[in-house]
Amino acid sequence: MRLKIGLNLTNHYSLNFSTPKRDKKLIKFIIIHYTGMKRESEAIKRLCDSKYKVSSHYFVKNNGGIVNLVPDLYEAWHAGKSRWQRFKSLNRYSIGIEINNPGHSNGYSSFSSKQIYSLTKLLRYLFREYKIDKNNVLGHSDIAPDRKKDPGEKFPWKNLFKNKLCKWHNLNERKIRKFRKIKISNEEESIFLKNLYKFGYSKISGSMLKNKILLVKAFQRRFRQSLINGKIDKECLLISKNILKNA
């Protein structure tokens, strides 16, 4: 593995995974998370502790080192209740990558250049190994918008897009900013939501208004990171049309 991806990869196996091995062809998604804990060592410890029943396949440390916690062909427990397109419970179909970061509850910080460099190398390896489509590199908040915020608005999706490793819009952000906070019609709002569902986002249970706000915030954390307000405006609509057009 070290030679294949050109990284200093170490093993620290977790007890938290499902057996038996899965078919390689089942692996269709990569789900990116942040740890949401203050200390890196404590995050690794929790991902390996059987009492917490949580894990991931890979852990990206602050210094860019990568720890392999669960072998790829076993199902790690990282996605929980989740949905994307026609797929439910994405643990079965995905590789989970945890990136060390304190998260929104503990002083959310920017991801380091070393972390993103290592993540880029790891993604390229996984793309080659499992024939994963770049549209299927997702954040935890994409597949569970009612529960999760990670990896959050500071995660550099645009950087990954430039390296052809994920989906992003190709609009000029400076030019479309003038459409920010411009209200749209009910018909346009319906088009926006339908665009999200076509791309892969799913409706979530509970209050209709709460559903919509959480879904819009998940979209904004991914594609309009400079303003996360849960409100659908003209800028959001234009971005949704663009990502669907180029999906």
- Across the range 47-61, in residue order, what do the Karplus-derived ³J(HN,Hα) couplings come to in whole Hz, using 6.51 cos²θ - 1.76 cosθ + 1.60 with θ = phi - 60° and x for Gly and Pro? 5, 10, 8, 4, 6, 8, 6, 9, 6, 8, 7, 9, 10, 9, 7
- Query: What span do the alpha-carbon atoms of the chain cover on each of the three principal axes, reported in whole Å from largest to smallest?
  - Reply: 52, 35, 34
- Note on the structure: Contact order relative to length for the chain, counting C-alpha pairs under 8 Å separated by 6 or more residues, stands in percent at 20 percent
- Item | Within a Gaussian network of the chain (alpha carbon springs, distance under 10 Å), most fluctuating of Ile27, Ile213, Ile95 | Ile213
- If the label point sits 7 Å along Cα→Cβ of Lys241, residues of the range 187-211 with amide N under 16 Å come out as 187-196
- Given charges at beta-carbon only (K, R positive; D, E negative), |dipole| of the range 173-245 in Debye: 260 debye
- Task: Can you figure out the FRET efficiency of Lys25 with Lys51, using R₀ = 35 Å and their beta-carbon distance, to the nearest 0.05?
- Result: 0.60
- Item | Paramagnetic reach from Asn135 in the range 24-46 [backbone N under 19 Å; point 7 Å along Cα→Cβ] | 26-32
- Message: Could you tell me the calculated FRET efficiency between Asn106 and Glu187, based on Cβ-Cβ distance and R0 = 35 angstrom, to the nearest 0.05?
- Response: 0.25
- ³J(HN,Hα) computed for each position of the range 188-194 - Karplus, 6.51 cos²θ - 1.76 cosθ + 1.60, integer Hz, glycine/proline x: 5, 5, 4, 5, 4, 5, 5
- Query: What is the set of long-range amide H partners of Ile30 at a cut-off below 5 Å, with H atoms built 1.01 Å from backbone N?
  - Reply: Ile95, Val137, Leu138
- Item | In Hz, Karplus ³J(HN,Hα) per residue of the range 94-102 (6.51, -1.76, 1.60; θ = phi - 60°; x = Gly, Pro) | 9, 9, x, 10, 9, 10, 5, 6, x
- Query: 222 nm [θ] for the chain, helices only, -39500 (n - 2.57) per DSSP H run of 4+, per residue, to 500?
  - Reply: -10000 deg cm²/dmol
- Note on the structure: GNM of the chain, Cα pairs under 10 angstrom: of Asn163, Asn68, Asn101, the biggest fluctuation goes to Asn163
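Values quoted throughout were computed directly from the atomic coordinates according to the rules given, and no laboratory measurement underlies them. The model shown is predicted, which means the values in this text are computed figures rather than measured ones. Note that we place each Cβ from the backbone using ideal geometry, even for glycine, and neighbour counts take in every protein chain shown.
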